[in-house]
1. Consider Gly499 against the criteria (1) open to solvent by less than 70 Å² (accessible area, probe 1.4 Å); (2) under 30 Å from Glu323 (Cα atoms): it satisfies all of them except one. Which criterion is unmet?
2. Do we have any residue at all in the stretch 187-204 that's buried (at least 18 other Cβ atoms within 10 Å of the Cβ), out of contact with any Gly (no Cβ under 9 Å at 6 or more places or on another chain), modelled with pLDDT of 95 or more and not in a strand (DSSP E or B)?
3. On the given criteria, is Leu464 in a strand (DSSP E or B), aliphatic (A, V, I, L, M) and without any contact (Cβ under 8 Å) to a residue 40 or more places away in the chain?
4. Could you tell me whether Tyr487 is under 30 Å from Lys361 (Cβ atoms) and either among the hydroxyl-bearing types (Ser, Thr, Tyr) or open to solvent by 50 Å² or more (accessible area, probe 1.4 Å) (or both)?
5. Thr510 fails exactly one of the following numbered conditions: (1) in contact with an Asp or Glu (Cβ under 7 Å, 6 or more places away or on another chain); (2) within 24 Å of Lys550 (Cα to Cα); (3) β-branched (Val, Ile, Thr). What is the number of that condition?
6. For the stretch 164-186, which positions are open to solvent by less than 20 Å² (accessible area, probe 1.4 Å) and within 13 Å of Ile133 (Cα to Cα)?
7. Quick test of your reading of the structure: Ser311 fulfils all but one of (1) free of Cβ contacts under 8 Å to residues at least 60 places away in the same chain; (2) crowded, with 24+ Cβ neighbours inside 10 Å; (3) not hydrophobic (A, V, I, L, M, F, W, C). Name the failing condition by number.
8. Answer yes or no: is there a residue in the stretch 127-146 that is modelled with pLDDT under 90, under 48 Å from the mean Cα position of the chain (by Cα) and not aliphatic (A, V, I, L, M).
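The values are calculated or read from the model by the stated rules, or taken from the named source; none is laboratory data. Every value quoted in this text rests on a predicted model; they were computed, and no experiment measured them. Please note: Cβ atoms are built from the backbone with ideal geometry, for glycine as well, and neighbour counts cover all protein chains shown. Just so you know, the surface numbers come from the protein's heavy atoms only, side chains and all, with ligands and any DNA or RNA stripped out. Shrake-Rupley method; radii C 1.70, N 1.55, O 1.52, S 1.80 Å.
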Amino acid sequence: MINRKQIKPHVFVMIIMLFLLVCLAGISGQTVCAANASGNASLKRTSFKNKYTIYIGKSKQVKVSFRSGVRKSRIIWKSSRPSVAKVQVSKNGRVCRIKALKKGKTIISCYPKGKPGRKLTCMITVKKRVPKIKSLTFADNARVIYVGDKVKNSLTVKPSGAKKSKVTYTSSDPSVARVSAKGVVTGIKAGTARITVKSTDGSKKKASYKVIVRMISFAVSSAKIYIGDTYTNKLKNTINVAGATSIRWSSSDPSVATVDASGKVTGVGKGTAVITAKIQNQAGADVSYLLTVSLRIRKDSTKFIAHRGLSSAAPENTLRAFELAGAAGFWGAETDIRKTSDGHFILLHDATFSRMCGVSKKPENMTLEEIRALRITAGNQYETYKNDLRATVVPTLEEYLEVCKKYNMVPVIEIKMTYQRNTSDDLSMQNMEREDMEELFRITNAKMGSRPYMFIDFDYETLLVMQNVLPIENRPNITLQYISNSYDSKMHSVCELNGFEYDLKHTGITRTAVRNLRAQGSKVNLWTVDDRDQVENYIIDGIDYITTNKRFW
């Protein structure tokens, strides 16, 4: 036993301090392992490097060296975070086994007991080991998509611990199908491409699948139907794809056309609408076509009047033109009458025969016999009828009335004469006396009887005299229309005060004005309307009469 009195005071204090350090080391909770070593040991790294990476569950053996042959001492090994990695020391203290426990970092230190200033340290990083990829498998061997679709084919990576991020995707034809770094495929254009995935962890594994890109399309890019009709445009290249169990249809304007779940459209109103088919739940997989809806024109859609007969099909104001109009089902046939020098009424629009017969003579300067000797050499479809006397001879009023009666057409007689012409500025008009009006009425009434017929004129004063000549109040079958190139306050006053119907050039009045007149109970005849779209609009507006050169049904 050591005698306390024999120990010098300063030595005794050092022993106490060393004892306290040992106690504190134990209290701190750090792992401390010790082994004998030289009292003046100088540690050297043998396999104890500055840092190591160890995977969880694995161990790393490290070793230090020091001088021997002197008095033994202890070597201290510590782990700053024993829960991340702990130390196990061999009996001689030179070898330490580091055991990795969980993911993280810890500092392993080694120093001679009592000499922390000679410490050696090593940074230990503990990681979870990620296994290499052993196989790559796609859920589908082939996928069919549409242009604009974005889809992903599920990828299975084995083993389960292997990282899915350790792969790259490529497309054999990016112009057909493009693939992102995460495997999302976008359809670019119709065609076929192969999508390939490869591992990047050194395992050299790969897999691929085929992508077929389609574009749905319609059989036709545009279609036309009538109001009330139905139509189905055939849709091509449709298939059932994942998440696309049906097609969603839509119309850009349901007031023009509606479309049902099968793609059948119904014309509702006049106009255009874009009909679109879209694959449900698929991005961009849609296609459209333009649908034009028009009004189906029937011969009874309004009161159609053949202008100078069906003058688009035969020379104007000929018996053949009137017969064609009657056969086509026109409600009425319009003509122009002038008087010969011997008091007969013939059919001629112009003031002379120059345009139709090549003779610059006026009918009032020729007899009926002279006029009947002329031949019509102009007009629509003249070549077809040049040898047909019913298309080349100037007709009389009586002949015209006979054709109207035969085909049950209403005669619409434009009087190319003005009552007491010396008061008129229109030199193309012939002079007309009251006796002429009475003769006109006598001939027409003798042929038509109680059947309806009309007299129309640009000169309202002539119509006023005609109104006195004709027993209108007792003749409900006779109608008078005042013709004008434009609608104005004067025309409105004349028609409303005298009970005349309106006979207007269609470009001289607005559709709004027409609708307003009809709302007031006035009847309107528009001339000469040869454009189908305009005819449809006027019928929709409820026009009373349309004078035209064409047949629209």
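1. Of everything listed in (1) open to solvent by less than 70 Å² (accessible area, probe 1.4 Å); (2) under 30 Å from Glu323 (Cα atoms), Gly499 misses just condition (2).
2. no
3. No: the conditions fail for Leu464.
4. Values: under 30 Å from Lys361 (Cβ atoms): no; either among the hydroxyl-bearing types (Ser, Thr, Tyr) or open to solvent by 50 Å² or more (accessible area, probe 1.4 Å) (or both): yes.
No, not satisfied.
5. The one condition Thr510 does not meet is (1).
6. Correct list: Val167 only.
7. Failing condition for Ser311: (1).
8. Checked against the condition, which is being modelled with pLDDT under 90, under 48 Å from the mean Cα position of the chain (by Cα) and not aliphatic (A, V, I, L, M), the stretch 127-146 yields at least one hit.
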